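Q: One structure follows; several queries about it will come next.
The values are calculated or read from the model by the stated rules, or taken from the named source; none is laboratory data. Computed from a prediction, not measured in an experiment: that's the story for all the values here. Heads up, the Cβs are rebuilt from the backbone with ideal geometry, glycines too, and the neighbour counts pull from every protein chain shown.
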Amino acid sequence: PVGNEPGYCELLSDFDNFYTRRLYHRIQDCWNRPVCSAPGAYITLPERLSDDYNLSFKLTGKTHRCLNLGSYNYLGFAENHGPTIAAVTDATLTYGISSCGSRATAGNTRDHVELENLVARFLGKPAAMIFGMGFATNSTVIPALCGKGSLVISDTLNHSSIVQGCRVSGAKIKTFRHNDPDDLEAVLRHAIAYGQPRTHRPWKKIIVIVEGIYSMEGEICRLAEIVAVKKKYKAYLYLDEAHSIGALGATGRGVCEHTGVSPDDVDILMGTFTKSFGGVGGYIASTPELIQYLKSVCIGHLYANAMAPPVARMVQTTMKIIMGEDGTNDGQRRIHQLRDNANYFRRRLVEMGFVIYGDNDSPVVPLMLYYPCAIAAFSREALKRSLAVVVVGYPATPIIESRSRFCLSAAHTREDIDKALDAISDVGDVMGLKFNA
Ligand code: PMP
């Protein structure tokens, strides 16, 4: 809408009026309504009775149960899971929900400190710190690490929280071609030779930022080659493991374990608790000196309320299960189940003739739709078949690379996956999406 037309609002930028953004609100999909259950292998959605896309629902009590391929519940801990429920209940009785203060003031509890020690031990780093939000971890830690006179070299497809942190930092930002160590080397060589701007002044420091698994591509970082380049040029490496920690590696230690890289070769390990751990929040693991420094300068630590203590307890519980410290092999079983599910699902989709992005072993499986106009139709057709899927388009992807991004979980059984594959095959036939058939 423009001018006096109904719905016009000066506060919205012109960009938000662009049709691809408005499109998302119009999609009658599974997510455009409040979910009424845990984000497990299945989710419960209310029946949508209104065509008004301004989130007005008539909740009649009628619900629709869907197979869920959209949540980041990689290891299946997000559903009703006995040990975590007991841990959260106990911590809630001890602390309540909010510690009503930042970690730097009255909000620091014993469970926060214990989680930090556990994260460091899990990752094989000497020290770690935790944050209440993964997004705020990147967006406030990166500006604490570098500023004017420093250079950040960032993968072109890095997550928006990294982009935000880089922009706020004031450092010079350069990008390198997605997951391409040769291009990283070319950018580094050029940057070191010419400095900024057009002088030979060296950078205060150079930080390379990459992700373990790219969440829209399902690709695994070429970490060993990137580490070799960063060592050659004496740069620092910051690795975001939001999607890879817990999900990759024989024991869930992420992309370092998966690629045989020592955690010592990555200067700053970052990750989140929102995916494999079924919780909320983020972490940074590094040297004790750096962690101590961040605790004294990082605004996300100093000025934000601490993570809810029951969450800190919950994440310790799932992390210990992954580490086998609960005395069972449940963690190992989940890691293997996730990998089997992801590889089977990916292989079957390729055999059907779909164009699938990403790597084996990655639980993120993007199926290419290409055309923006296919986004809503794919979502609607999947929902008709009781399948909840995430669809993505511009600006999260290039405009002609719209896709449906599936996330596999250890909570899915082989029967669930076969059911999902049948439904997707059917949608693919209806929409003509089997480009390689
Ligand atoms: N980094 C990456 C790579 C992510 O994909 C995300 C969100 N999915 C975040 C950081 C932010 O984490 P959170 O959602 O836990 O705040």
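Q: Mind telling me which of the residues Lys434, Lys384 ends up being over 24 Å from the mean Cα position of the chain (by Cα) and surrounded by fewer than 14 Cβ atoms within 10 Å (Cβ to Cβ)?
A: Details: Lys434 fails: surrounded by fewer than 14 Cβ atoms within 10 Å (Cβ to Cβ).
Testing whether each residue is over 24 Å from the mean Cα position of the chain (by Cα) and surrounded by fewer than 14 Cβ atoms within 10 Å (Cβ to Cβ) leaves just Lys384.
Q: Of the residues that sit in segment 229-272 and are within 16 Å of the ligand (Cβ to nearest atom) and among the β-branched types (Val, Ile, Thr), which one is nearest to the chain's Cα centre (by Cα)?
A: Residue satisfying both the conditions and the ranking: Thr272.
Q: Then there is this: Looking at this structure, is Glu289 assigned to a helix (DSSP H, G or I), more than 13 Å from the ligand (Cβ to nearest atom) and closer than 20 Å to Thr318 by Cβ?
A: Criteria not met by Glu289.
Q: Another question, then. Kindly evaluate Leu223 against the criterion of being closer than 24 Å to Ala312 by Cα and assigned by TED's automatic domain parsing to the domain that holds Gly134. Reasoning before the result, please.
A: Numbers: closer than 24 Å to Ala312 by Cα: no; assigned by TED's automatic domain parsing to the domain that holds Gly134: yes.
No.
Q: Which is farther than 22 Å from Val227 by Cα, surrounded by 17 or more Cβ atoms within 10 Å (Cβ to Cβ) and more than 25 Å from the chain's Cα centre (by Cα), of Thr105, Thr109, Thr140? Let's see the steps before the verdict.
A: Working: Thr105 fails: surrounded by 17 or more Cβ atoms within 10 Å (Cβ to Cβ); Thr140 fails: more than 25 Å from the chain's Cα centre (by Cα).
Being farther than 22 Å from Val227 by Cα, surrounded by 17 or more Cβ atoms within 10 Å (Cβ to Cβ) and more than 25 Å from the chain's Cα centre (by Cα) holds for just one of Thr105, Thr109, Thr140, which is Thr109.
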